[in-house]
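The values are calculated or read from the model by the stated rules, or taken from the named source; none is laboratory data. Here the structure is a predicted model, which is why all the values come from computation and not from measurement. Glycine also receives a Cβ, built like all others from the backbone with ideal geometry; neighbour counts cover every protein chain displayed. The accessibility values were calculated without ligands, DNA or RNA, using every heavy atom of the protein model including side chains. Shrake-Rupley method; radii C 1.70, N 1.55, O 1.52, S 1.80 Å.
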Amino acid sequence: MLRAMSISRRWAVPAGVAAVVAAGSLVGPQLASAGPELPPTTAAQLLARLARAPERPFSGTVVQTTDLGLPKLPAGNSRSADLTALLTGSTTVRIWSDGPDRSRVALLGSLSETDVVRNGRDVWTWNSRECAASHVQLPAEATQKPAPKRPMTSATTPEEAARQALAAVDPSTAVTLERSTKVAGRGAYELVLRPRAKGSLVGQVRVAVDSKTSLPLRVQVIPRGQSSPAYQTGFTDLSFGDPGDQVFRFTPPAGSKVTERSLPPGALEHHSAGMQRGEAFDARRPAGAPAVVGADWTAVLVTRMDRTQAMMAIGGDQVGTAVLNGFRRVKGSYGLGRMLRTNLVNVLWLDDGRMYVGAVTPALLERAASTTSARVAGR
């Protein structure tokens, strides 16, 4: 979940969204009631404010809640308990931000804390349970690279989730503004995106935008046919102002294990460019180099993962076994594999290691697998 990141307030509303909103074909009522405590505005005006909102340093607490309809998972050990919360419960994250090059994110586990600290080109990751730290220095051009596409439910912050939701908007999406709300004690406008793309599992995405700073405060993703969010990330407290230089200075505690890491030449360029273009999967890609098949609300993330890697990612022991047991055997023109179905995200994992993940129907996952399988077979 945590990774080297920059939390930047300078992000543009995708050109496609702005163009269709300006044309009036995407937006519902042009003037929506924003409630008695906030001035009325329109969805188009709110999107424009999001695009031009200035950078503001801040700190706060974010609670992320996930309910994908999975069966109750076993408790497992303390490490897997934290991962269980990410899959079927709530997790708490502390965030400090001072522009795109200085940020700190702390995942607060039941008995531990994991931090990612970025200060300029230096990125530190700290795991209190293992008393281990790793350090990497980013290339000078790292801040100029576009953020790669990721599943919305992987977002650490409401801003990140809002960016991903708006990037998925296509001409079939209805965008409306509903009554105002309060998040972390702050008045907010609520922008609602309703995808109509065939095959998407997303019914609506609700983005609460701070009325004063235009910072996204909360994002809720509601599956089709349901009324409650399957995924939500939102601030529970928030304050604006310089967090202070000391927050972004990290020195490994005495006795901790420190690992110096380096990025392979061109790693950021290849990863970002491929994800932005939505490259088709290529079996010759190295492990950990995902691609995207499709676009917008029906985009499918494609990667490779064997059982050992999956167990390590999920948490091992009982939790990993329980999740993997939730997969059901399937077969098709793509070969043999397993399918995990939830109310918002489906996963198709083929026996050859290819993994397809998306907020789409199983049929779309199988179509993506069949298409990429044919390309690989024909190389």
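Contact map, region 201-223: first residue in contact (Cβ under 8 Å) with a residue 60 or more places away in the chain, second residue assigned to a loop (DSSP other than H, G, I, E, B) and among the charged types (D, E, K, R), Cβ cut-off under 9 Å, separation 6 or more or different chains; pairs are LEU201/ARG224; VAL202/ARG224; SER211/GLU37; THR213/ARG9; THR213/ARG56; SER214/ARG9; LEU215/ARG9; LEU215/ARG56.
Residue-wise test of (1) assigned to a strand (DSSP E or B); (2) open to solvent by less than 20 Å² (accessible area, probe 1.4 Å); (3) hydrophobic (A, V, I, L, M, F, W, C).
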{"site": "SER172", "(1), (2), (3)": "no, no, no"}
{"site": "GLU178", "(1), (2), (3)": "yes, no, no"}
{"site": "THR181", "(1), (2), (3)": "yes, no, no"}
{"site": "LEU191", "(1), (2), (3)": "yes, yes, yes"}
{"site": "ARG196", "(1), (2), (3)": "no, no, no"}
{"site": "ARG206", "(1), (2), (3)": "yes, no, no"}
{"site": "VAL209", "(1), (2), (3)": "yes, yes, yes"}
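Consider region 329-379 and keep the residues that are among the basic types (Lys, Arg) and under 19 Å from VAL202 (Cβ atoms). The one that is modelled with the highest pLDDT is ARG367.
Considering region 187-215 alone, what residues qualify as being closer than 23 Å to GLN45 by Cβ and either out of contact with any helix residue (DSSP H, G or I) (no Cβ under 9 Å at 6 or more places or on another chain) or acidic (Asp, Glu) (or both)? Residues satisfying the conditions are GLY187, ALA188, GLU190, ARG194, GLN204, ARG206, ASP210, SER211, LYS212, THR213.
Elements of the type strands (runs of 3 or more DSSP E) sitting completely within region 212-321 and holding at least 3 residues that are at pLDDT 75 or above and of a type in the set (Val, Ile, Thr): these cover 216-223, 300-304.
Look at region 126-141 and say how many of its residues are open to solvent by 30 Å² or more (accessible area, probe 1.4 Å) and either touching a Cys at 6+ places or on another chain (Cβ under 7 Å) or over 28 Å from LEU340 (Cβ atoms) (or both). So the answer is 8.
Reported count of residues in region 130-166, each being modelled with pLDDT under 85 and of a type in the set (A, V, I, L, M, F, W, C), is 5. The set of residues from region 327-341 being outside any strand (DSSP E or B) and either closer than 11 Å to LEU365 by Cα or under 23 Å from the mean Cα position of the chain (by Cα) (or both) comprises PHE327, TYR334, ARG341. With respect to the stated conditions, ARG104 is farther than 28 Å from ILE222 by Cα, at pLDDT 90 or above, open to solvent by less than 60 Å² (accessible area, probe 1.4 Å) and touching a helix residue (DSSP H, G or I) at 6+ places or on another chain (Cβ under 8 Å).
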